[in-house]
Amino acid sequence: MTQNSHPQNSFTRLISKNLFKMVILFLGTAVISFIVAKIALGGAKIVAETFFPPAEPTADQDTTPEFIDLQPTLDAWIEQLSGNASIMIYDLDNDKIAAEYQSGETFYAASVYKLLFAYDGYQQIDAKLASADEKFITTYDYRANSYTLGECLDLIVRESYNGCAEPMRSDKKRFTRIENFTKQLGLANTSAAGLYSSAADLITLLKYYYKHPELSEESWQKLRASMLDQPATKVDKNEIEDWRQGLPNGFTAAEVYDKVGWLYGKKGWETYNDLAFVEFPEQNRHFAIAVLTKNVASAQTISELGQKIEEAVLNFTPIPQNP
């Protein structure tokens with residue numbers, strides 16, 4: 001019996017040793033599993049970002065729509081034009097000319113010049129050099145009323161009201177400020193405080209207005225409202241002026257902030273001009289458009305240009321980007 005006990009003890013020790021190894025292995029596996037689980041639950045984001053860093057967004061991808069070449073659109077419209085024109089369409093998002101035609105030619109700007117005096121007036125108010133509430137003029141035409149400076153700044157844009165605009169042009173200090181302002185902006189083809197200009201010069205003006213560095217946000221929004229909300233005006237018993245029968249009338253999906261200028265003669269429109277900001281909310285696109293024309297057949301001609309521009313923008317298909 002004594003001789004048989006030795007193998008049995010050896011067997012027992014072998015089992016105990018193996019069991020101990022299994023326990024150690026089991027505990028080690030459990031610890032590793034716990035660590036792995038912690039990494040999976042708490043550190044997965046770090047691991048993922050380490051091996052698969054998120055792509056850095058770029059300005060072009062996030063905010064700038066793809067450029068649309070509108071030159072073919074403008075060229076097609078020019079082919080049907082009966083009169084003469086100076087035109088520029090500017091992509092404000094891409095800071096680039098989208099189309100142009102004789103953009104450096106000087107034309108009679110007509111009442112488009114009133115945008116210069118409106119901006120100057122708001123600038124004076126924001127600089128505390130004038131008050132919007134101060135009386136400016138008493139008129140005796142179809143409006144026949146007294147108006148403050150603030151009311152006049154609205155009227156000269158909203159309905160191109162000469163009862164306020166002409167006294168502003170007659171003010172030597174205002175006139176001189178406008179002349180100096182156009183020189184400051186380098187508007188080489190602009191003269192007589194904006195009465196003559198080119199499409200290229202007027203686009204430079206709109207680009208400056210788009211940033212409006214001297215204006216408060218309140219003044220800028222007032223100017224924008226005057227360019228957008230422009231109901232037809234009854235100027236006498238028989239005449240109603242439709243301020244938006246040209247370029248704005250061609251758009252249905254865009255907001256058009258516009259200032260019109262015209263001169264109607266015996267044979268029709270001797271001058272028909274539109275200066276506008278055109279914004280497509282759904283497409284997040286913004287354009288500045290200057291249209292100066294001479295002897296066009298009708299305002300409908302200008303409206304058709306707006307229609308063609310809108311069609312080109314809405315039907316544009318972006319080029320697929322490589323992943």
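Values in this text are rule-based calculations from the coordinates and carry no lab data. Note that the structure is a prediction, hence the values are computed from the model and not measured. In this analysis, Cβ positions are derived from the backbone assuming ideal geometry, glycine residues included, and neighbour counts consider all displayed protein chains.
As a proxy for reagent exposure, ranking Ser216, Ser146, Ser111 by other Cβ atoms within 10 Å from fewest up yields Ser146, Ser216, Ser111. Using the Cβ of Asp126 as centre and a radius below 12 Å, the other residues enclosed give a net charge of -2, where K and R count +1 and D and E count -1. Full extension of the chain between Asp141 and Asn162 gives 6.6 nm of extra length, using 0.36 nm per residue less the Cα-Cα distance. With a simple spin-label model that places each label point 7 Å from the Cα along the Cα-to-Cβ direction, the separation between Lys172 and Gln71 comes to 4.8 nm. Between Glu239 and Ala192, the modelled label-to-label distance comes to 1.9 nm, taking each label 7 Å out from Cα in the direction of the beta carbon. Around Phe280, with a cut-off of 9 angstrom between Cβ atoms, what is the net charge of the other residues, counting Lys and Arg +1 and Asp and Glu -1? Net local charge, Phe280 excluded: -3. Panel order for Cys164, Cys152, by other beta carbons found within 10 Å of each beta carbon, from fewest to most: Cys152, Cys164. Under the simplified labelling scheme, the Asn180-Gln221 pair shows an inter-label distance of 3.1 nm, with each label point 7 Å from Cα along Cα→Cβ.
Using the 10 angstrom Cβ neighbour count as an exposure proxy, how do Phe181, Phe67 rank, fewest first? It would help to have the intermediate numbers written out before the result.
On the way: Phe181 19, Phe67 13.
So the residues, fewest neighbours to most, are Phe67, Phe181.
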